[in-house]
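Notes for the one structure printed next.
The values are calculated or read from the model by the stated rules, or taken from the named source; none is laboratory data. As the structure is a prediction and not an experimental result, all values here were calculated from the model. Positions of Cβ are backbone-derived with ideal geometry, glycine not excepted, and every protein chain shown enters the neighbour counts.
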Amino acid sequence: MEEKVVLSPRLQTVFSMIPECGTVVDVGSDHGKLGACCLLNNRSKKVIATDIHELPAQRTEEMLKECGLSDVSCVYVADGLSGVPVEEDMTVVIAGMGGLEICKIIQNALSEHDPFPMNTWFVLQPQRSFYEVRSFLAESGFAIRDEKIASERGRFYTVILAQYDRNRYSLSDEEYFLGPVILSKRPKWYNEYIAHEEQVMRKRALGDPKCAEILKNWEKLI
Ligand SMILES: C[S@@+](CC[C@H](N)C(=O)[O-])C[C@H]1O[C@@H](n2cnc3c(N)ncnc32)[C@H](O)[C@@H]1O
């Protein structure tokens, strides 16, 4: 069964950023592969998986059962983290969802359970709305500790490792769009990602002066 738990390059990158911890909470678990992989590789002792829809939650439950991991996992049909208090030694993973949905899930959880334990880790892989996600993290007291780029079937994905430390801060527009760690550390796929984002930025610049401004200094990113 374990050979069925093969992660795509995007999910491998998400997995690589999950710190060792007591419990991984996989929000929007769908197929359940990420949670199974965390347990099979001792990344966490326990997994809580949530999905807003019944069918993906069933798929996750089936995957964990087939891997013999039912005793160390729980699957809930739930919207985001509702009913799942964020506790010490937990890492919350939200991958493959729109950025605004990710912000909403974290905001709702903060309203429900605030304060999260200090230093709780969040591994986030938004599909879009990167500016909004990083602004939300900065304004809500989540430090961006690491960022990576994944490439899969000609698309690029960015993964953010954030830690809740309650310190609010601000970044430049360039950093909100492209990522403070991506810009400073230039991880794998950086050149390809920046070349791709230049095209995206050119289209956005037609309606967003922030993008037009960033493009003026694009040379320094190359
Ligand atoms: C595109 S899949 C991504 C699955 C997996 N996380 C991944 O990265 O491969 C998105 C999943 O999130 C679920 N989902 C969407 N909104 C959600 C929410 N607010 N709370 C929990 N699950 C949600 C969907 O039902 C779907 O199964």
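Of all residues in the stretch 161-179, those that are in contact (Cβ under 8 Å) with a residue 40 or more places away in the chain and either acidic (Asp, Glu) or within 19 Å of Asn119 (Cβ to Cβ) (or both) total 9. With respect to (1) buried (at least 19 other Cβ atoms within 10 Å of the Cβ); (2) closer than 24 Å to Pro9 by Cα; (3) of a type in the set (A, V, I, L, M), the lone exception for Ala195 is condition (1). Can you confirm whether the stretch 59-66 contains a residue that is away from the ligand (no atom under 15 Å from the Cβ), surrounded by 14 or more Cβ atoms within 10 Å (Cβ to Cβ) and within 22 Å of Ala36 (Cβ to Cβ)? Checked against the condition, which is being away from the ligand (no atom under 15 Å from the Cβ), surrounded by 14 or more Cβ atoms within 10 Å (Cβ to Cβ) and within 22 Å of Ala36 (Cβ to Cβ), the stretch 59-66 yields at least one hit. Right, Gln12: within 13 Å of the ligand (Cβ to nearest atom), under 15 Å from the mean Cα position of the chain (by Cα), surrounded by fewer than 21 Cβ atoms within 10 Å (Cβ to Cβ) and modelled with pLDDT of 95 or more or not? Yes, satisfied. Going residue by residue through the stretch 122-140, is there one that turns out to be buried (at least 19 other Cβ atoms within 10 Å of the Cβ) and farther than 28 Å from Glu213 by Cβ? Yes: one or more hits. Out of the residues in the stretch 81-120 that are near the ligand (Cβ under 9 Å from one of its atoms) and part of a loop (DSSP other than H, G, I, E, B), which is farthest from Arg155 (Cα to Cα)? Result: Ser82. Pairing residues of the stretch 68-89 that are more than 18 Å from Leu34 (Cβ to Cβ) with residues that are within 15 Å of the ligand (Cβ to nearest atom) and not in a loop (DSSP other than H, G, I, E, B), at Cβ distances under 6 Å and at least 6 apart in sequence or on separate chains, gives no pairs at all. So for the stretch 121-139 (the condition being more than 27 Å from Asn108 (Cβ to Cβ) and either assigned to a loop (DSSP other than H, G, I, E, B) or among the aliphatic types (A, V, I, L, M) (or both)), does at least one residue qualify? No: the stretch 121-139 contains no residue that is more than 27 Å from Asn108 (Cβ to Cβ) and either assigned to a loop (DSSP other than H, G, I, E, B) or among the aliphatic types (A, V, I, L, M) (or both). In the stretch 18-36, the residue that is surrounded by the fewest Cβ atoms within 10 Å (Cβ to Cβ) out of those that are within 11 Å of the ligand (Cβ to nearest atom) and not in a loop (DSSP other than H, G, I, E, B) is Lys33. The listed residues are Leu39, Leu55, and the only one of them that is more than 18 Å from Val159 (Cα to Cα) and either part of a loop (DSSP other than H, G, I, E, B) or more than 12 Å from the ligand (Cβ to nearest atom) (or both) turns out to be Leu39.
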